[in-house]
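Inspection log for the structure reproduced underneath, given as structure tokens.
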Amino acid sequence: MPWEIWGHDWAVRLLQQHIRNGEVRHAYLFSGPPGVGRRTLALAFARALNCPQPVQPGEPCDECRTCRQIARMEHADLSVIQPAEGASSLKVEQVRELQRSLSLSPYEAPYRLALLLNFEQATPSAQNALLKTLEEAPPKVILLLTAPTPEDVLPTILSRCEVLRLRPMALDALADHLQRSAGVPIEQARLFAHLSGGRPGMALRLLHDEQALTERQRRIDLFFTALSGDRLTRFQISEGLAEGNDREKIRAVLQTWSSLWRDVLLICGASAGALTNLDQRERLESIAARLDLRRAYACLNAVEQAQAGLDANLNTRLLLDVLMLDLPYLNA
Ligand SMILES: [Zn+2]
């Protein structure tokens, strides 16, 4: 069986080569934006390393108990480390506990594997503890780390890792995969490819999460209502959004609005091929027709200011009101 990884062919080939040539390293860092396929690739590599009946070296059967347990992250020789639920960071105690379990030899598989997810959330002391693990790692131990960028990891750790920088797929290639492998109608496949920015994991999440799409639609509707509405309508919108002071909800709204303004900018600049919100093209074109590049840019800027205000813990109602005043009035 091939690895069934979407995109990242070069990375699959490299990892398979390491197995076939007996050149497996002690540590690998899978870097890239969330949803690009870091964990999926790391788990495929884990199966390739530990499958007891590979089709050929580097190609796991994907059917045996080991392969299935690794895919579910439930295998005895695979430790999965990430920030505890509700916690914002990966703590040094978690790395110490991992160290103890790695010092034992594998239960049944050739290698003892540790998958450290979102390692950018490791505290400095946790990172230092891991460095020690790396320096003293027993021969059959392999560490698999994920992080957005290599710079999120201490240089001393990085220098001991094989770094695989995963990038988003070409939008057409992802749409093609969604259509052929997941049976998604082409129109929808294109939309998901664009919305996910070429990240297959993100596209699949959208595909299986109807609620996420409904919420997105609600955020889009608010955008157009605000633009065509008068001051009163706008202040009602910002009042509604600020209610309950749910900063994550507001963050999601601003994120969608900023992607819509980016699209307007692309249309103003006549490069509509790379639109994120493909399904909104017509409505966005009618906005672009009434603004020039400079004003569209000012709107994007206003949303980004609001995002910065949110990050700086400013009063949510205030920053939304200011944003509303900055937007042009485009009533039909
Ligand atoms: Zn297997």
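Read-outs: derived from the displayed coordinates by stated rules, not from any lab. The structure presented is a predicted model; accordingly, all values stated were derived computationally and were not measured. Positions of Cβ are generated from backbone atoms using ideal geometry, with glycine treated the same way; all protein chains shown enter the neighbour counts.
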Problem - Normalised per residue, the volume of the convex hull around the Cα set of the range 234-332 (Å³) - result: 98 Å³
Practice task
Please work out the Cα center distance from the range 1-80 to the range 267-332, rounded to the nearest Å.
Solution key: 42 Å
Handout entry: Whole-number percent relative contact order across the chain, with pairs defined as alpha carbons under 8 Å at least 6 apart
Key = 16 percent
Fill in the blank from the handout: Residues 154, 15 in order from fewest to most other beta-carbon atoms within 10 Å are 154, 15
Practice task
Quick one: P(r) of the chain from all Cα-Cα pairs, 20 Å bins, percents rounded to integers, in order of increasing distance.
Solution key: 27, 48, 24, 1
Handout entry: the range 89-94 - phi-based ³J(HN,Hα) in whole Hz, Karplus 6.51/-1.76/1.60, Gly and Pro as x
Key = 9, 8, 9, 4, 4, 5
Practice task
Could you size up the charge dipole of the chain around its Cα centre, putting +1 on the beta carbon of Lys and Arg and -1 on that of Asp and Glu, and report it in debye to the nearest 20?
Solution key: 340 debye
Problem - Where GluC sites (Glu not before Pro) in DSSP loops with at most 12 other Cβ within 10 Å are excluded, longest remaining stretch of the chain - result: 137-332
Problem - the range 284-296 - phi-based ³J(HN,Hα) in whole Hz, Karplus 6.51/-1.76/1.60, Gly and Pro as x - result: 5, 5, 5, 5, 4, 5, 9, 10, 9, 3, 5, 6, 4
Practice task
Name the longest site-free stretch of the chain, where the excluded sites are trypsin sites (Lys or Arg not before Pro) in a DSSP loop with no more than 13 other beta-carbon atoms within 10 Å.
Solution key: 73-289
Fill in the blank from the handout: Share (percent) of C-alpha pair distances in the range 9-165 greater than 27 Å works out to 16 percent
Exercise for the section: Could you state the angle between the C-alpha long axis of helix 38-50 and the longest principal axis of the C-alpha atoms of the chain, as a value from 0 to 90 degrees rounded to the nearest 10? Expected result: 20 degrees
